[in-house]
Amino acid sequence: MKKTTTRTARRLLCAGLLALLGGAAAAQGDYPNAPVTLIVPFPAGSVTDAQMRALAQEAGKRLGQPVVVLNKPGATGTLGPASMARTNKPDGYTISAIASSLTGLPHMQKVSYDPLKDFSYIVSVTGYSFALVVPTNSPIKSLDDYVATARAQPGKLSYASSGIGGGTHLAMSQFAACSKIELNHITFKGGADATAAFLGGHVDSQADGAWGALVDNGQARPLLVLTPNRVPQYPDVPTLKEKCPEVAVDGQVIGIAGPAGMPAEVVRRLHDAFKAAMAEPAFEQALKSAKQQPIYMGSQAYADYMQKNFEDKRVLVKAIGLSVN
């Protein structure tokens, strides 16, 4: 009697496990059966916000469910992804745009996430073209003027950025060290807030990815491109690497990731939807207005890139004296 009862219990347990596994498989196969939330870790109206909204609309058509954008700015674009990694299930219903600052900030201060363990990297979609700009009415007319002004008033010449540990902060820190100048770094929650301060005359210059539209509108003068390559629309503006050959310049990839442990099939569905959305005119136009190019990497290639970027940032941050380790 005891043996029969034990045997029956085992059968019931196995049946229950199979039902659970079958239900999980079916759930993955039906994904998505509800709207997907895409966290944008920068303010509404920012360059990245416009690009992610264009992608979300097109990706939603391919997923058969809306992709709803939720702005969660702060901590140089890491607050939103960090919150997602801590609190959301890895079921594909909450994902986040990811900036390269995710790999830099942990070397400069305590953070609540591990960029190598806490995320499922899905796809990379583009990368910033950062530049240093001044207002068109500024007495600073060239990069040489900028350096001369900074040397004449150490620590007085200010520049706005979207936060500590971001690509512009690291690039400008290298530029200042190379040029032997001291600058006043003013941080904001995102590029849109930094641009508002710049246009309002509250800072002397800005280092950001939203500079293209400002120059096109006659509101800013570009002095230096902070990312690896010259921008075709402004071929006369030099790059940081040209001025300071010894610096390490990051391409500032932007991608999409979810919490760690996402099922491979869900990652694949999201990857395919966003990859297809990258070819749509709305996204292409959003990139064009920001002087950016598409940068595609599949899930594994993107994860590998982020791991290498994390290690590269460790070396860079230590070399320029910003490391907390």
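The values are calculated or read from the model by the stated rules, or taken from the named source; none is laboratory data. This is a predicted model, so every value here is computed, not measured. Positions of Cβ are backbone-derived with ideal geometry, glycine not excepted, and every protein chain shown enters the neighbour counts. Accessible surface is based on the protein model in full, side chains and every heavy atom, while ligands, DNA and RNA are left aside. Shrake-Rupley method; radii C 1.70, N 1.55, O 1.52, S 1.80 Å.
Tabulated values for the structure
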read-out	value
Shape call, region 79-177: gyration tensor on alpha carbons, a/c limit 1.5	prolate
Calculated FRET efficiency for the pair residue 144/residue 272, C-beta based, R₀ 51 Å, to 0.05	0.55
Probe 1.4 Å, protein heavy atoms only - accessible area per residue of the chain in square angstrom	45
The chain - Rg and Dmax from Cα coordinates, angstrom	22.8, 95
Accessible surface of region 170-274, 1.4 Å probe, proportion on carbon and sulfur as whole %	51
Net length gained if the chain between residue 180 and residue 284 were fully extended (0.36 nm per residue, minus Cα distance)	33.5 nm
Inter-label distance for residue 219 and residue 264, nm, one decimal - labels placed 7 Å from Cα along Cα-to-Cβ	4.8
Cα shape, region 217-325, gyration tensor, a/c 1.5 rule	oblate
Given charges at beta-carbon only (K, R positive; D, E negative), |dipole| of region 159-256 in Debye	60
Region 60-140 - charge dipole about Cα centre, Lys and Arg +1 at Cβ, Asp and Glu -1, debye rounded to 20	160
Positive-end residue of 276, 252, 240, charge dipole of region 227-311 with Cβ unit charges	276
Gain upon complete extension [residue 230, residue 199; 0.36 nm per residue less C-alpha separation]	8.7 nm
Under 12 Å from the Cα of residue 308 - aspartates and glutamates, other chains or at least 8 residues apart	250
Over 27 Å between alpha carbons, listed pairs 110/275; 117/313; 243/318	110/275
